[in-house]
Structure formats: structure tokens, C-alpha cells
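Undergrad: Right, I'll just put the structure down here and ask away after.
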Amino acid sequence: MAPTFAWTQTNEIEKAKKEAERKQELQRKSYALVDEIATGALSLKLPENRGFVLAEAADLLWKRDEKRARNLFWDALNTLALMTDPTNEPEDKKKNLNSFFASFGLRRALLLKVAHRDPQLALDLLRSTQPPPPELLGGGYLPDLEQEIAAQAAARDPKRALQIARESLAKGVTYQLLHLLWRLHDLDSELSAKFAGEIIDKLQTRNIATDFVASQMAVQLLVSSRTSTQAFLGAARPVKLSGEQRRQLVEMIANGALGLAANANLLYGISDVMPEIEEFAPERVAMLQKKIAAFNQTLNKEQKGWQQYNSIISKGTPEEILAAAQNAGNEHRRMLQQQAIGVAVARKRADALREYIDTEIKDDSVRKGLIDALDTEQISAAAHKGNAEELRKLIAQVRLKEERARAMVEMALLLAKKGDHDEALKLLDEAQTLIKNDFSSETQTNALLALVAAYSLIEPARAFAIIEAAIDRANDQISKALLLDKIVKTGAVKKGEIILQGPGVPMDFIMFKYGKGLAALADADFDRTKALADRLERHELRIMARLMLAQMMLRQDKRIRMTGAD
């Protein structure tokens with residue numbers, strides 16, 4: 001037995017060695033791909049595209065070559081500065097304002113990405129290039145980027161984050177301070193308690209009645225300090241405030257609300273903190289209720305509608321919310337319908353709402369649309385929870401073929417995770433017959449991408465075949481869309497180039513949803529997966545696809561393998 005054991009042990013060591021070498025080769029190819037991406041970024045026409053790709057490449061290179069990554073981050077920021085600077089010419093106000101906010105948003109995203117790596121570098125970038133907002137902004141609200149950088153820094157160094165926040169607090173109060181407070185709260189409750197006290201001291205110097213941001217911060221701080229529930233923070237424990245600090249907040253809020261110049265949002269928020277007012281200032285309750293009643297009489301029809309609907313959403317059943325939607329105007333109806341469906345699924349009342357829709361909604365098209373939306377929400381919830389029984393039930397009842405296929409795909413992934421490869425593959429093959437190999441609608445596209453991601457994990461060869469055919473069709477559809485864009489401007493194209501970070505589904509979400517399938521394909525055959533990206537006809541889309549591939553291969557902490565772990 002000894003020679004057999006020794007041979008088996010040697011064989012296992014050899015296998016482990018080969019696997020380690022294979023992973024090293026995959027990493028080498030991935031970093032080589034990042035080099036190609038960074039070089040390819042320089043050939044992009046739009047500064048916003050170049051800046052975005054350079055920043056993503058820098059982020060990927062950080063651990064391997066920090067010096068080069070820092071230079072790429074600087075290059076990315078300087079590239080974004082090449083976007084058209086807004087002027088203050090009256091005839092160009094709308095155009096300039098849109099340009100300013102587009103540039104500001106891209107710059108903000110870049111700085112927050114840098115802050116995740118090195119908060120001080122992010123501050124250096126911010127302070128070296130910060131452009132003044134155009135006069136046409138009219139003093140409107142902009143996020144405080146220093147405070148946002150501090151929030152990003154909290155996980156790495158809470159004390160340094162607090163130092164940055166204190167420097168920023170000296171300049172004024174913004175919503176980002178609350179976000180930072182909650183980040184600190186998750187990491188160090190003592191530090192967050194100190195900072196909360198400093199925010200309260202700062203609020204004491206503001207006019208709560210007229211300062212919109214300060215009044216909202218006071219209300220939210222008070223709510224977040226409750227010991228009974230932390231639904232507001234989503235945390236297990238409240239922010240630590242002393243009784244005296246809570247009393248100070250109540251006094252500020254009550255004084256501001258009873259003042260002649262009380263802002264509308266403060267009056268809206270009084271009901272949220274009425275328990276604290278009853279506790280610390282009971283003599284003010286009657287006066288505040290009278291003030292709120294008078295304020296409600298001044299609301300227009302739309303404002304009263306929002307107030308009514310907010311109350312229904314927070315207190316009503318899914319059926320009551322949906323009933324309210326039927327009588328609401330177009331601007332409220334869709335929102336209420338989505339809320340009713342979300343609440344029903346979250347509270348496990350989907351079957352009851354389905355019955356209500358079947359019996360109470362008379363319009364056939366509306367009824368079908370609501371049922372389809374409920375199916376979609378249930379599939380997503382069941383997949384997230386890994387609820388095989390719920391998925392089986394949905395497969396039998398879902399009306400839309402592509403949504404039924406998506407439920408089958410999620411079920412197949414659960415089967416594969418349990419080791420039932422053949423049954424999982426059989427289910428995927430059945431799902432494929434229900435999905436068109438095109439991008440004719442959002443539901444079709446989602447179903448197709450989900451199918452490909454599942455095949456990638458279960459049977460990679462099938463995934464390659466589907467993707468190759470889908471890319472050829474996509475090339476044709478993209479060409480037609482770009483031709484149409486010359487006639488009907490969509491905003492997706494600028495100077496003949498597709499905007500890579502335009503409105504729509506963010507890249508991080510796409511990677512989270514389908515990235516593990518892409519990583520599985522690359523593990524199976526990196527070169528063929530890279531060739532899929534190169535199959536795209538548009539240069540900017542080829543770079544984007546290559547970037548997604550590199551991200552999934554190098555961000556190990558985000559990759560999910562079929563190892564039985566979520």
C-alpha cells in the first residue's frame with residue numbers, strides 16, 4: 001500500500017502545481033490585457049471615455065504597479081478636464097449646465113475610486129483641479145467631495161476619515177456628513193458618537209428654519225439615535241447620543257418649525273420625530289400639530305397627493321397601495337405599482353396580491369403587465385435566497401416565456417451547486433428553447449445573458465457558441481441604432497463614438513450580475529474569451545468588453561466560483 005499512497009500523493013502535488021501554474025498564466029495574460037486596454041484608451045475620441053478607461057486600468061494595476069497606477073489616475077483626471085468647459089453665455093445656459101454636471105459626475109466617480117485606494121491621493125487630485133461651478137448653477141446644491149472621500153476612507157482608516165471630515169465640517173454641513181457618520185458607526189461606535197456630537201454643535205450655529213440641509217440632518221440624527229428600532233440606519237445598534245444631545249436636537253427642530261420662515265421639508269419631517277418631541281418638549285406638541293395642520297392647507301394638489309401616497313406606502317398593505325395606484329395620476333401610478341409589488345414580495349404576500357390583481361384589475365393589459373412585473377420580482381427574490389421550491393412554482397405559472405426561462409436558469413444553477421450537473425444542463429437546454437437569440441427587448445436580453453452566464457458555469461462550450469452568434473447579431477443591431485441616432489438623437493453617441501458610461505445600467509451592476517459567468521469562460525479558455533470581445537465591430541465596445549474581462553479576472557474578491565460558497 002505504501003507505494004500506492006506515495007504515487008497518489010505525488011500525483012496530487014503535481015496536479016496542485018499545474019493548477020497554480022495555470023492560474024499564474026491567467027494572471028499574466030490578464031495584466032497584459034490591462035496594458036493593452038490602457039494603451040487602447042488613448043485612441044478613444046471622447047475625453048470622458050478615455051478618462052473612464054484609464055481610471056479603471058489604474059485601479060486594476062494598483063496592487064501590481066502602484067507607481068504606474070498613480071500616474072494613470074492623474075492622466076485620467078487631466079483627460080476629464082479636456083471636456084468642454086461651461087461658459088456663462090445666456091443662450092447656452094441649459095447646454096452648459098448639462099455639460100458641467102456631466103463633467104462633475106465623472107470627476108466625482110473617479111475621485112471616489114481613487115479614495116478607495118488612497119484617500120490622500122484623492123484629496124491631492126481634488127484640490128489640484130477643482131473647477132468652480134458656473135454662475136448659471138445659481139448657488140444650487142453640489143455634493144461635498146472632500147466629505148465623500150472621507151466616507152470612502154472610513155473602512156481603511158477611520159481616524160484619518162474623521163480628520164478629513166472635521167476639516168470639511170468646518171466649512172459647512174452637507175448630507176455626506178451623515179453618510180460618513182453611518183460608515184464610522186459600522187466601524188467604530190465611539191468615534192461616530194464623538195463626530196455626531198460635533199455635528200450637533202455645528203447645527204447649533206445654523207438657522208434650522210431656513211437651512212434645508214441642516215434641518216434634515218437634525219431630523220435624521222434624532223431618528224437614528226432611537227434605541228427601539230434602527231430601520232432608518234439599517235444597523236443593529238443606534239448612534240450613541242446622550243439625553244442632553246437628543247433634547248438639543250428636539251429644541252432645534254421645534255424652534256425651527258414654529259418659526260415664521262420654517263422650510264417645508266422641516267414641517268414634513270416633524271411627524272417623524274413626534275415621539276421625541278412628546279418626550280423632551282411635550283408643551284410644544286399642540287402648537288406643532290396646529291402649525292402642521294395649517295401648513296397642510298397650503299399644499300397644492302400634487303403635494304397633497306405625494307403626502308397621501310407616502311402615508312399609504314409606509315402604512316398600507318400591498319393591496320391598498322395598488323388600489324391607490326389605480327386612482328393616481330400618471331406621475332404617481334407606476335411608482336405605487338412598483339411599491340405594491342416590492343412590498344408584497346418582501347412581506348411574502350405575493351400570492352395574495354396576485355389574486356387581488358386577477359379579481360380587481362379589469363383592464364386586461366394593465367392586469368397582464370402587473371402579473372408580469374410580480375413574476376419578475378418573485379424570480380429575482382427566489383434566486384437571491386436560493387429558494388428552489390419557489391422557483392419550481394414560478395416555472396409552472398409564469399406567463400412570459402423569457403421570464404419562465406430565467407426562472408429555469410436560476411433553478412439550474414441551484415441544481416449545479418448541489419452537484420446535479422446533468423439535470424441542470426437539461427433544464428438549461430429547455431430554457432434555451434424559450435429565448436430568442438437577440439436583444440429585441442429588455443426581458444429577452446436579461447434572459448439571454450442569464451442563460452449564457454449559467455452555461456458558462458455548467459457547460460462553457462455551449463456558452464461560447466451562443467455568445468458568438470449573439471455578438472454577430474448585436475453588431476448588426478448596433479450599426480442600425482447608430483445610423484438611426486444620426487436622425488433621432490438619443491444622447492448615447494457623441495462625435496461618432498458611443499459614450500461608455502452613459503445613462504443606463506452601470507458597469508459594476510453588469511459585472512455583479514453576469515461577471516461570474518464571464519470569469520468561468522475565461523478560466524475555461526482565456527484566449528477564446530478575449531476573442532469574443534474582439535468580435536465586436538465598434539472599437540470603443542471592444543475596449544469595454546476587454547475591460548470587463550480583465551476586471552473579473554483580477555478582482556479576486558468579487559469572483560464567485562462553483563465551490564459551494566456564496
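The values are calculated or read from the model by the stated rules, or taken from the named source; none is laboratory data. Nothing here was measured: the structure is a model prediction, and the numbers come from that model. FYI the Cβ positions are ideal-geometry reconstructions off the backbone, even for glycines, and counts take in every protein chain you see. Please note that ligands, DNA and RNA were not included when accessible areas were found on the heavy atoms of the full protein model with its side chains. Shrake-Rupley method; radii C 1.70, N 1.55, O 1.52, S 1.80 Å.
Undergrad: One residue is enough: does region 506-520 have a residue meeting the conditions modelled with pLDDT under 90, in a loop (DSSP other than H, G, I, E, B) and open to solvent by 70 Å² or more (accessible area, probe 1.4 Å)?
TA: yes
Undergrad: Could I ask something else about it? Scan (1) at pLDDT 90 or above; (2) within 13 Å of Glu279 (Cβ to Cβ); (3) not β-branched (Val, Ile, Thr) for the single condition Gln245 breaks and write down its number.
TA: (2)
Undergrad: Consider Lys348 against the criteria (1) open to solvent by 50 Å² or more (accessible area, probe 1.4 Å); (2) at negative phi: it satisfies all of them except one. Which criterion is unmet?
TA: Of everything listed in (1) open to solvent by 50 Å² or more (accessible area, probe 1.4 Å); (2) at negative phi, Lys348 misses just condition (2).
Undergrad: Next question. Which of the residues belonging to region 119-147 are over 16 Å from Ser103 (Cβ atoms), of a type outside the set (S, T, N, Q), at pLDDT 65 or above and open to solvent by 30 Å² or more (accessible area, probe 1.4 Å)?
TA: Once the filter is applied, which keeps residues that are over 16 Å from Ser103 (Cβ atoms), of a type outside the set (S, T, N, Q), at pLDDT 65 or above and open to solvent by 30 Å² or more (accessible area, probe 1.4 Å), region 119-147 yields Asp124, Arg127, Asp144.
Undergrad: Now, a different point. Of the residues that sit in region 168-202 and are under 12 Å from Ala218 (Cα atoms) and not aliphatic (A, V, I, L, M), which one is farthest from the chain's Cα centre (by Cα)?
TA: Asp201
Undergrad: Ok, one more. Restricting to region 362-405, give me the number of residues that are surrounded by fewer than 18 Cβ atoms within 10 Å (Cβ to Cβ), outside any helix (DSSP H, G or I) and touching a helix residue (DSSP H, G or I) at 6+ places or on another chain (Cβ under 7 Å).
TA: 2
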